[in-house]
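What follows is one structure encoded as structure tokens, with my remarks underneath.
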Protein chains: 2
Amino acid sequence: MKGIRQLAKHLDISIGTVSRALNDKPDVNEETRKRVLAAAEELGYVANQSGRSLRQGTTNVIGLMIEASQETVENGDNFFLSVTGGLQSVFTRHKLDLVMLPCPSDEDPHEYLKRMVARRVVDAMIISATQRIDKRIDFLSKAKIPFVALGRSSSGGNYPWIDLDFEGVAACAVERLVAKGHRRIAIAAPSTDINLGYVFVDAYRQALERHGLEFDPDLIIRVKSSEQGGYQAGTELLRLKDRPTAIILIYELMAIGLYRRMVEAGVVPGRDLAVIGFREEPRARFLQPTLTCFRLSLRDLGTKLAETLLASMPAYSALYPKGAQNTIWPLELAPGESDAFTITP
Amino acid sequence: MKGIRQLAKHLDISIGTVSRALNDKPDVNEETRKRVLAAAEELGYVANQSGRSLRQGTTNVIGLMIEASQETVENGDNFFLSVTGGLQSVFTRHKLDLVMLPCPSDEDPHEYLKRMVARRVVDAMIISATQRIDKRIDFLSKAKIPFVALGRSSSGGNYPWIDLDFEGVAACAVERLVAKGHRRIAIAAPSTDINLGYVFVDAYRQALERHGLEFDPDLIIRVKSSEQGGYQAGTELLRLKDRPTAIILIYELMAIGLYRRMVEAGVVPGRDLAVIGFREEPRARFLQPTLTCFRLSLRDLGTKLAETLLASMPAYSALYPKGAQNTIWPLELAPGESDAFTITP
DNA sequence: CTGCCATACAGAAACGTTTCCGAGAAGCAC
DNA sequence: GTGCTTCTCGGAAACGTTTCTGTATGGCAG
């Protein structure tokens, strides 16, 4: 005989009363409640989660699914750790715990998700790295499991998501460069398999057209989102005839590699080539000349994710009014020296 | 009425038999088992984890605790994701699931651990970023919760841990440099608060003494384990009178910053200064000249961690014989060009 | 036919918790 | 005294699963 029963016997009180006392339910004398709390503290009693979950049909655990994709591992940034900080700042207010669920690389992410959800180990899910067509979204919608996605997708119709403001960033970057007289603006981006590689480049194209500039497919340099990719992008850039005078990097870590390649070729970033990076990256912060880039708080993004998720959960939706369930997350321009290069006609 | 009961009714069989069929227990006709499995697949039945945990007293979940500590953040996500790959390769064989438990930065890691364990949400724990004195280890030992630690500690007496072979690496690096004629060998390391900053430098000192070289405290450059730290280390190095001819970097990411500082000063790594990095880091892989460093497979480290843990769990110890429960994980020298610089007397 | 074993299944208890239902006691108005 | 709340608590059911115990069946030896 363990658990709440022992605690009840120790207090000579029924287990029902003990349970109500511990869970801040009414129908329990204030003095009794104090006695119970004191005894629980003294005996180190903590409710068994399995029993509670079984009875309540809820686990009070939110899952953050993580794919150990090639890209994630290679980039090796603190993306998830930073986001979890924001998530937890919200969840702890509601006694919800966050667990990160790493999908084994040899298991289909969709199957993994199904397994985790079917076993009822979490109440709700946060998924990221969404594909343009993502079976997980269809599944979660149909199974009526509360979830929120970091990233848009064409799947599933209307569902809660948050995504970065690629359009805004691309427009801002292009406008800034055009204002400095640039006409041939290259862009380094990953392949179109990845949603970002598609959406961002499309936004770039639209921005160009708004400024009456022709869209030259040669100026799209498809490389990996890494330092090495940046180095390769530099090589590609140097090879282009009628060389561009500016380049937009879709992932800022590329800047480190690009700088290296430029220095090797005697091209000085900021003086001979304007460079703008997309997302702020701590490791690129010490570059000289400093990089013009777009900044966002991953922690704040995390809190917004959490709030969006809770708003979609019946038990919490009262506290987090169900406004727009989709958010385009804005980024802030952080001007640096890397795009100082100005074309004077 | 849901779950196994519905499945049993659908098959017109008792729930006991269904349960045994699903769990590969004896006392069930082979044909019946097939029928049950087929029906479960058809109806999409998956056992509710709460019910199962409650009955069995076991959750089949292993927790990997993650602290958003200084060191962790610098390592980045890829460190843990690589390790989880190895962990899961073992766990999946036993139908164990891995969850990562990120300790909120505003909660005491020890309290967080206690909470997770007391609620019986995991059967066992993997902890990392161990402190020289670590309350978690004492707690887990006393509570008889199976666990394994990545990193040594002075706490808790005899407990299962795995740690990297700092001594071996320091000895090998020093020996290699001494053989090339170097006499003044600097080392860039984090502060002694971090276990690594203490143990590694101590091993370096011992290695020097074995070769009859004097230990000069000025040659210990205390910087952060980051690119920026490497850059600072470069500045410090250049300032030293009787400048060292070689430097050992305790974290390879420093090399990127160090290289930059050296190039700025007209010092060519590998030609004018010998450089050896401690741990291989994908982000530093493209450096020129290539870095001499020590390599380890994080994935293999993960499998060893998992095996060590399972060996300490009664339910699995038969399969993973309890050998030495402590492992000094060896690293492999990956020779590059960065330490080609040789002193000829 | 009896006795005995092995096989295959049904039935029920148990895991620890929450929550529903009912009831005793006390207070108050009539 | 009766009737009606209000407060506090005890008892028991329920959550979904695993596992223990019992039992019917059939085969086989005696």
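In degrees between 0 and 90, to the nearest 10, how far off the longest principal axis of chain B does helix B:254-264 point, with axes built from Cα atoms?
The angle comes out near 30 degrees.
If each label sits 7 angstrom from Cα along the C-beta direction, how far apart, in nm, is B:Ile328 from its counterparts in the other copies?
Here the equivalent label points are 5.9 nm apart from this one.
Filter B:Lys114/B:Lys144; B:Lys114/B:Lys135; A:Lys95/B:Lys144; B:Lys95/B:Lys142; A:Lys9/A:Lys95; B:Lys114/B:Lys142 down to the pairs with a C-alpha to C-alpha distance above 18 Å, please.
Result: A:Lys95/B:Lys144; B:Lys95/B:Lys142; A:Lys9/A:Lys95 exceed 18 Å.
Using Cα atoms only, what is the angle between the long axis of helix B:109-118 and the major principal axis of chain B, expressed in degrees (0 to 90) to the nearest 10?
20
How much length is gained on full extension from B:Asp300 to B:Gln56, taking 0.36 nm per residue of separation minus their Cα-Cα distance?
Stretched out fully, the B:Asp300 to B:Gln56 stretch lengthens by 84.7 nm.
Provide a list, ordered by number, of residues in the range B:220-237 showing at least 50 Å² less accessible area with every protein chain present than when their chain is taken on its own, using a 1.4 Å probe.
Relative to the lone chain, where solvent access is computed with a 1.4 Å probe, the range B:220-237 loses at least 50 Å² at B:Glu227.
Which shape class applies to the range A:166-296: rounded if a/c is under 1.5, otherwise prolate when a/b exceeds b/c and oblate if not, where a ≥ b ≥ c are the square roots of the Cα gyration tensor eigenvalues?
Numbers: a/c = 1.33, a/b = 1.19, b/c = 1.12.
Rounded, because the longest to shortest axis ratio a/c is under 1.5.
Between copies, how far does the label point of A:Val263 sit from its twins, in nm, shortest first, when each point is 7 Å from Cα along Cα→Cβ?
So the label point of A:Val263 gives 0.3 nm to the other copies.
From the protein chains alone at 1.4 Å, what is the descending order of accessible area for B:Asp12, B:Asp300, largest first?
Working: B:Asp12 135, B:Asp300 80 Å².
Solvent-accessible surface, decreasing: B:Asp12, B:Asp300.
Quick check: pseudo-label points 7 Å beyond the Cα along Cα→Cβ at A:Lys34 and B:Glu175, how many nm apart are they?
Each label point is offset 7 Å from its Cα along the Cβ direction, giving 6.9 nm.
Using alpha carbons only, how many angstrom separate the centre of the range A:253-294 from the centre of the range A:1-71?
About 54 Å separates the Cα centre of the range A:253-294 from the one of the range A:1-71.
Can you give the local net charge around B:Arg20? Use residues other than it whose beta-carbon is closer than 11 angstrom to its beta-carbon, Lys and Arg +1, Asp and Glu -1. Let's see the in-between values first.
Working: positive: B:Lys25, B:Arg33; negative: B:Asp24, B:Asp27.
Net local charge, B:Arg20 excluded: 0.
Tally Lys and Arg at +1 and Asp and Glu at -1 over the other residues with C-beta under 14 Å from the C-beta of A:Leu319: what net charge comes out? List each step's numbers first, then the result.
Working: positive: A:Arg93, A:Lys95, A:Lys322; negative: A:Glu307.
Net charge around A:Leu319: +2.
Any idea what log10 I(q)/I(0) is at q = 0.14, 0.24 Å⁻¹ for the range B:3-47, Debye with uniform C-alpha scatterers and no solvent?
-0.24, -0.74
In peptide B:161-168, how many Cβ atoms from other protein chains are near each Cβ within 10 Å, on average?
That average works out to 0.
For peptide A:43-50, how many partner chain Cβ atoms fall within 10 Å of a residue's Cβ, on average? Show your work: numbers first, answer last.
Details: counts 0, 3, 1, 7, 3, 7, 10, 14.
That works out to 6 on average.
Accessible surface of B:Arg132 in the full protein assembly, 1.4 angstrom probe, to the nearest 10 Å²?
100
Taking each residue in A:100-112, count the Cβ atoms of any other chain within 10 Å of its Cβ, then average. What number comes out?
Mean partner shielding for this stretch: 4.
How many nm is it between the label spots at A:Glu41 and B:Gln288, if each spot is 7 Å from the Cα in line with the beta carbon?
Between A:Glu41 and B:Gln288, the simple spin-label model gives 6.6 nm.
Can you run the Rg to Rh ratio on the range A:10-104? Use alpha carbon positions and the Kirkwood inverse-distance Rh.
My calculation puts Rg/Rh at 1.16.
Between rounded, prolate and oblate, where does the protein assembly as shown land on the alpha carbon gyration tensor, with a ≥ b ≥ c its root eigenvalues, rounded for a/c under 1.5, else prolate if a/b exceeds b/c?
oblate
Could you put A:Thr308, B:Thr58 in order of accessible surface area, largest first, with the 1.4 Å probe and the full protein assembly present?
So, going from the largest accessible area down, we get B:Thr58, A:Thr308.
Kindly report the accessible area of the protein assembly as shown per residue (heavy atoms of protein chains, probe 1.4 Å, no ligands, DNA or RNA), in Å².
45
Run the dipole for the protein assembly as shown about the Cα centre, Lys and Arg Cβ at +1, Asp and Glu Cβ at -1, nothing else charged, and hand back the magnitude in debye, nearest 20.
Values: 86 positive and 84 negative charges, 394 e Å.
The calculated dipole for the protein assembly as shown is roughly 1900 debye.
List, shortest first and in nm to one decimal, how far the label point of B:Ser141 (7 Å from Cα along Cα→Cβ) is from its counterparts in the other copies.
Reported distances to equivalent positions: 5.4 nm.
Cut-off 18 Å, label point 7 angstrom out along Cα-to-Cβ of A:Tyr198: give me the residues of the range A:126-141 whose amide nitrogen falls inside.
A:128-139
Mean separation of Cα pairs under 8 Å and 6+ residues apart, divided by the residue count of the range B:166-296: what relative contact order is that in percent? List each step's numbers first, then the result.
Working: 219 pairs, mean separation 31.4, N = 131.
With pairs under 8 Å counted, the relative contact order is 24 percent.
In whole percent, and with a 1.4 Å probe on the protein chains, what portion of the accessible area of the range A:3-47 is carbon and sulfur? Before the final figure, lay out the partial values.
Numbers: 1420 of 3030 Å².
C and S atoms contribute 47 percent here.
Report, in degrees rounded to the nearest 10, the 0 to 90 angle that the Cα long axis of helix B:166-179 makes with the longest principal axis of chain B.
Helix B:166-179 and the main axis of chain B meet at about 30 degrees.
Relative contact order of chain B: what whole-number percent is it, with Cα pairs under 8 angstrom and at least 6 residues apart?
Across chain B, relative contact order equals 16 percent.
Rounded to the nearest 500, what is the protein assembly as shown's calculated 222 nm mean residue ellipticity when only DSSP H runs of at least 4 contribute -39500 (n - 2.57) each, over all residues?
Value at 222 nm, helices only, nearest 500: -13000 deg cm²/dmol.
Under a 1.4 angstrom probe, counting protein chains only, how are B:Lys25, A:Lys142 ranked by accessible area, largest first?
Values: B:Lys25 100, A:Lys142 175 Å².
Greatest to least solvent exposure: A:Lys142, B:Lys25.
Using alpha carbon centroids, what distance separates the range A:218-238 and the range A:153-167, in Å?
Answer, in whole Å: 27.
How far apart, in nanometres, would the label points at B:Arg115 and B:Lys25 be if each is projected 7 angstrom from Cα along the Cα-to-Cβ direction?
Using points 7 Å along Cα→Cβ, the separation is 3.6 nm.
Relative to the present Cα-Cα distance, how much length would full extension add between A:Val263 and A:Lys322 at 0.36 nm per residue of separation?
16.1 nm
The values are calculated or read from the model by the stated rules, or taken from the named source; none is laboratory data. Quick caveat: nothing in here was measured; it's all calculated off a predicted structure. Heads up, the Cβs are rebuilt from the backbone with ideal geometry, glycines too, and the neighbour counts pull from every protein chain shown. All accessible areas refer to the heavy atoms of the entire protein, side chains included, with ligands and DNA or RNA removed. Shrake-Rupley method; radii C 1.70, N 1.55, O 1.52, S 1.80 Å.
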